[in-house]
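J.: After the structure tokens below, expect a handful of questions from me.
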Amino acid sequence: MKLVIQRVKNAKVVVEEKTIGEIEKGFMVLLGVAPTDTKEIADFLVQKLIKLRVFEDENEKMNLSLQDINGELLIVSQFTLYADCNHGNRPSFTEAAAPQMANELYEYFVEQCKKQNIKKVATGEFGADMQVSLQNDGPVTIILEK
């Protein structure tokens, strides 16, 4: 499982000209699933995500977590995180999980985040053509994978 986490001032996802997920200060997370991923891996990464201390404290040090700042989450499925561009110019996505498995683990990950005392957990739409916009804060971008 691979997460690309961006600290944002705001973010939203639009599908067919309708906003389906929107947050204020927090994390915009792109989530990719590999065929070898499990619920245990998802659980581990949920805990890492919500405890990741990259928000500034009163001394302007990155020392606060999403929970500490009462932040919000926007989680978007992103199979292209597993693109293999080593051969030729057209990416291969054979390292990404099959859609059914990926969706199940994506939904599981979202549900586990909702159980973590997070102010708001918004999502994209699995498999949809989405337009994602955000105002990156910092910028701070972290990649987590397990």
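J.: Taking a 1.4 Å probe, which of Cys113, Cys85 shows the most accessible area, and what order do the others take after it?
T.: The most accessible residue leads, giving Cys85, Cys113.
J.: Okay, next question. Looking at the stretch 73-112, which chymotrypsin sites (Phe, Trp or Tyr not before Pro) are in a loop (DSSP not H, G, I, E or B) and have at most 13 other Cβ atoms within 10 Å?
T.: Loop-located and lightly packed - Phe93.
J.: Under the Karplus relation 6.51 cos²θ - 1.76 cosθ + 1.60, θ = phi - 60°, what is the ordered set of whole-Hz ³J(HN,Hα) values for the stretch 129-146, x standing for Gly and Pro?
T.: Values per residue, Gly and Pro as x: 7, 10, 10, 10, 10, 7, 10, 5, 10, x, x, 10, 10, 10, 10, 10, 8, 9 Hz.
J.: So what J values fall out for the stretch 35-50 if you push phi through Karplus, 6.51 cos²θ - 1.76 cosθ + 1.60 with θ = phi - 60°, rounded to Hz, Gly and Pro as x?
T.: x, 8, 6, 9, 5, 5, 5, 4, 4, 4, 6, 4, 5, 4, 4, 6
J.: Accessible area of Thr141, 1.4 Å probe, to the nearest 10 Å²?
T.: Surface open to solvent at Thr141 totals about 70 Å².
J.: Anything over 26 Å Cα to Cα? Flag those among Lys25/Lys115; Lys61/Lys115; Lys9/Lys119; Lys2/Lys120; Lys18/Lys146, in the order listed.
T.: As for pairs spanning more than 26 Å Cα to Cα, those are Lys61/Lys115; Lys18/Lys146.
J.: Under unit Cβ charges (Lys, Arg +1; Asp, Glu -1), what dipole magnitude, rounded to 20 debye, does the chain have relative to its Cα centre?
T.: Roughly 220 debye, rounded to the nearest 20.
J.: Expressed as an acute angle from 0 to 90° and rounded to the nearest 10, what is the orientation of the C-alpha long axis of helix 99-114 relative to the principal long axis of the chain?
T.: Once rounded, one gets 10 degrees.
J.: Mind listing the Cα extents of the stretch 13-146 along all three principal axes, in Å, largest one first?
T.: Extents along the principal axes, in whole Å: 48, 35, 30.
J.: What do you reckon, how do Glu111, Glu40, Glu16 stack up by accessible area (1.4 Å probe), largest on top?
T.: Most to least solvent-accessible, the answer reads Glu16, Glu40, Glu111.
J.: Once phi is turned into ³J(HN,Hα) by the Karplus curve 6.51 cos²θ - 1.76 cosθ + 1.60 with θ = phi - 60°, what whole-Hz value does each residue of the stretch 13-24 show in order, with x for glycine and proline?
T.: Taking θ as phi minus 60°, the curve returns 10, 10, 10, 6, 6, 10, 6, 10, x, 7, 9, 9 Hz for the stretch 13-24.
J.: Note down the net charge around Leu134, summing +1 for each Lys or Arg and -1 for each Asp or Glu among other residues with Cβ under 13 Å from its Cβ.
T.: 0
J.: Shifting gears a bit: Taking amide H positions as placed in the peptide plane 1.01 Å from N, state which residues far from Gly21 in sequence (5 or more) or on other chains have amide H under 5 Å from it.
T.: Val13
J.: Check cross-link reach from Lys48 to the aspartates and glutamates: straight Cα distance under 12 Å, and skip same-chain residues fewer than eight apart.
T.: Glu145
J.: Is the stretch 91-136 best put as rounded, prolate or oblate by its Cα gyration tensor, with a ≥ b ≥ c the root eigenvalues, rounded for a/c under 1.5, and otherwise prolate when a/b is larger than b/c, oblate when not?
T.: Because a/c hits 1.5 or more and a/b fails to exceed b/c, the stretch 91-136 counts as oblate.
J.: In percent, what relative contact order does the chain have, based on Cα pairs under 8 Å that are 6 or more apart in sequence?
T.: 39 percent
The values are calculated or read from the model by the stated rules, or taken from the named source; none is laboratory data. It should be emphasised that the depicted structure is a prediction, and the values quoted were computed from it without experimental measurement. All Cβ positions, glycine included, derive from the backbone under ideal geometry; neighbour counts span all protein chains shown. Quick note on the areas: whole protein, heavy atoms, side chains included, nothing else; ligands and nucleic acids left out. Shrake-Rupley method; radii C 1.70, N 1.55, O 1.52, S 1.80 Å.
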